[in-house]
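The values are calculated or read from the model by the stated rules, or taken from the named source; none is laboratory data. Everything numeric here is computed off the predicted structure, so don't read it as measured data. Positions of Cβ are generated from backbone atoms using ideal geometry, with glycine treated the same way; all protein chains shown enter the neighbour counts.
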Amino acid sequence: MEQGKALHVVVVGAGIVGASIAYHLAQRQVAVTILERQQPGAGASSHSFAWLNAFSKEPYAYHDLNRRSMELWHRFAHDLQVTNGVHWGGEMHWVHTEAEAERLRQHIQHLQAWGYPARLISAAEVQRLEPGLRPGTVRAASLGPSDGHIEPEKIITACLGHAQAQGAVLHTHTAVQGLRLQRNGSTGQRVQAVQTAQGDIACDAVVLAAGTDTTALAALAGLAVPQEESPGVVVRTDVRPRLLHAVSVLYMPSIDTVRPEIHLRQLADGSVQIGEGSQESLARDDSQAHADALLARATHYLPALAGARAIPVPVGYRPMPRDGFPVLGFPEPVPNLYLALMHSGVTLAPLVGQLAATEIVDGARVESLAPYRPERFW
Ligand SMILES: Cc1cc2nc3c(=O)[nH]c(=O)nc-3n(C[C@H](O)[C@H](O)[C@H](O)COP(=O)(O)OP(=O)(O)OC[C@H]3O[C@@H](n4cnc5c(N)ncnc54)[C@H](O)[C@@H]3O)c2cc1C
């Protein structure tokens with residue numbers, strides 16, 4: 001972007017990624033307009049398990065990107081003045097079988113070689129950290145003390161509130177339906193305006209942070225940004241007394257040989273969220289029966305959940321670029337259309353917001369984002 005010129009940037013999508021980018025742009029005195037088809041957080045962000053982690057992120061460069069963002073979360077939350085939507089304390093994991101134990105030991109060793117502070121802990125330590133747990137046989141256990149989880153809606157509200165205090169304008173229930181494009185040189189084009197049912201909005205640059213809809217919107221500018229469908233289910237419970245005392249995220253082993261492990265966290269209001277499998281597992285069953293079954297499996301390990309009520313939550317769809325890695329940057333054919341599409345967007349939101357603002361406002365090309373350029377698909 002041209003130095004010294006007052007920029008007007010339209011951010012499409014008010015999930016956690018769009019909200020963070022809008023916040024960071026507004027901090028840089030950019031004039032920001034945020035367009036959200038429904039209400040803020042309506043997409044993947046409000047269906048997320050929202051674990052801040054780099055536990056299974058490969059290769060090292062991607063692990064490190066997530067680590068840097070995890071570290072930034074502390075300052076981000078502080079600057080946003082969010083006091084009860086960010087939960088630190090770490091993630092605890094344990095397994096029942098010797099085969100799983102060997103895999104966990106090797107994985108922790110691998111993470112330690114990358115400097116991640118995860119470590120193996122004893123069965124006694126599991127019990128000391130969380131006396132309310134009935135973990136069963138503990139063949140191996142680990143603690144990731146720098147992990148945490150957040151409540152995306154609270155962060156999104158804070159980002160948008162701070163951006164609006166700096167002059168940003170938010171339009172909810174306003175879908176972007178088209179992009180008005182102008183030829184730029186012999187091969188390229190630029191976005192002149194975004195088109196909505198309420199009229200066109202002229203701008204210097206557009207950020208597409210529309211989650212799973214980013215693919216369809218990018219296609220309007222002739223860009224192919226392939227995604228995989230990635231449904232996931234995280235159920236809730238009614239409000240419970242405090243369950244966990246030291247750690248904030250639990251990964252609990254399967255209670256039989258058929259069903260996958262489950263994960264659990266508790267929000268500030270006391271409600272508990274439970275998911276199944278890994279952060280990439282596909283799940284489509286959002287029935288009451290499935291929610292009841294997940295709660296029963298959690299209660300097996302945490303008897304204090306007895307009497308809780310399971311509340312099913314509709315399937316959420318992860319934004320999932322086809323190769324699993326973020327898509328970030330201005331593509332060469334449309335140099336004022338910034339793409340911001342990613343899984344693990346909750347972990348990555350602070351760093352992506354900061355780096356996207358640097359690229360958009362300063363015209364820099366951040367080297368650590370080089371593997372994530374959209375051109376890799378073409
Ligand atoms: C079940 C599940 C579990 C997850 N667990 C984790 C986890 O533990 N840790 C982690 O880091 N990540 C996790 N994720 C991923 C993470 O939630 C997402 O990467 C992140 O929420 C993406 O945020 P976003 O802002 O890019 O997209 P979204 O939250 O989907 O926001 C996109 C917004 O764009 C709006 N929009 C779409 N089209 C238009 C349009 N045409 N005009 C205007 N607005 C539009 C939508 O309404 C939506 O509000 C999980 C996701 C799911 C579904």
Top-ranked residue of segment 22-43 - restricted to ones that are buried (at least 24 other Cβ atoms within 10 Å of the Cβ) and in a helix (DSSP H, G or I), ranked as nearest to the ligand (Cβ to nearest atom)
ALA22
Which of (1) under 17 Å from the mean Cα position of the chain (by Cα); (2) away from the ligand (no atom under 15 Å from the Cβ) does SER230 not meet, given it meets every other one?
(2)
LEU223 vs. criteria more than 14 Å from the ligand (Cβ to nearest atom), crowded, with 19+ Cβ neighbours inside 10 Å and either closer than 30 Å to GLN279 by Cβ or outside the structural domain of VAL334 (by TED's automatic domain parsing) (or both):
yes
Every residue from segment 283-317 that is modelled with pLDDT of 95 or more and part of a loop (DSSP other than H, G, I, E, B)
LEU302, ALA306, GLY307, ALA308, ARG309
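Within segment 199-217, can you find the residues that are out of contact with any Pro (no Cβ under 8 Å at 6 or more places or on another chain) and either among the small types (Gly, Ala, Ser) or more than 10 Å from the ligand (Cβ to nearest atom) (or both)?
So in segment 199-217, the residues out of contact with any Pro (no Cβ under 8 Å at 6 or more places or on another chain) come out as 199-210, 213, 216-217.
Residues satisfying the conditions are GLY199, ASP200, ILE201, ALA202, CYS203, ASP204, ALA205, VAL206, VAL207, ALA209, ALA210, ALA216.
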Conditions (1) within 9 Å of the ligand (Cβ to nearest atom); (2) more than 30 Å from ASP200 (Cβ to Cβ); (3) of a type outside the set (Phe, Trp, Tyr); (4) over 14 Å from the mean Cα position of the chain (by Cα) -> ALA50 fails only (4)
Out of the residues in segment 328-367 that are more than 19 Å from the chain's Cα centre (by Cα) and under 13 Å from LEU65 (Cβ atoms), which is surrounded by the most Cβ atoms within 10 Å (Cβ to Cβ)?
VAL366
Check on TRP94, more than 30 Å from GLN195 (Cβ to Cβ), surrounded by 21 or more Cβ atoms within 10 Å (Cβ to Cβ) and within 10 Å of the ligand (Cβ to nearest atom)
no
Given the conditions (1) away from the ligand (no atom under 15 Å from the Cβ); (2) of a type in the set (Gly, Ala, Ser); (3) in contact (Cβ under 8 Å) with a residue 60 or more places away in the chain; (4) closer than 21 Å to ARG190 by Cβ, and given that SER368 satisfies all but one, which numbered condition is not satisfied?
(4)
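Residue-wise test of (1) touching a Phe, Trp or Tyr at 6+ places or on another chain (Cβ under 6 Å); (2) farther than 29 Å from ARG134 by Cβ.
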| residue | (1), (2) |
| --- | --- |
| TRP73 | no, yes |
| HIS78 | no, yes |
| THR83 | no, yes |
| GLY89 | no, no |
| HIS93 | yes, no |
| GLU98 | no, no |
| ARG103 | no, no |
| HIS110 | no, yes |
It is to be established whether one or more residues within segment 318-340 are closer than 28 Å to ARG242 by Cα and assigned to a loop (DSSP other than H, G, I, E, B).
no
For the structure I just gave you, tell me whether ALA124 is surrounded by 15 or more Cβ atoms within 10 Å (Cβ to Cβ), not in a loop (DSSP other than H, G, I, E, B) and not β-branched (Val, Ile, Thr).
no
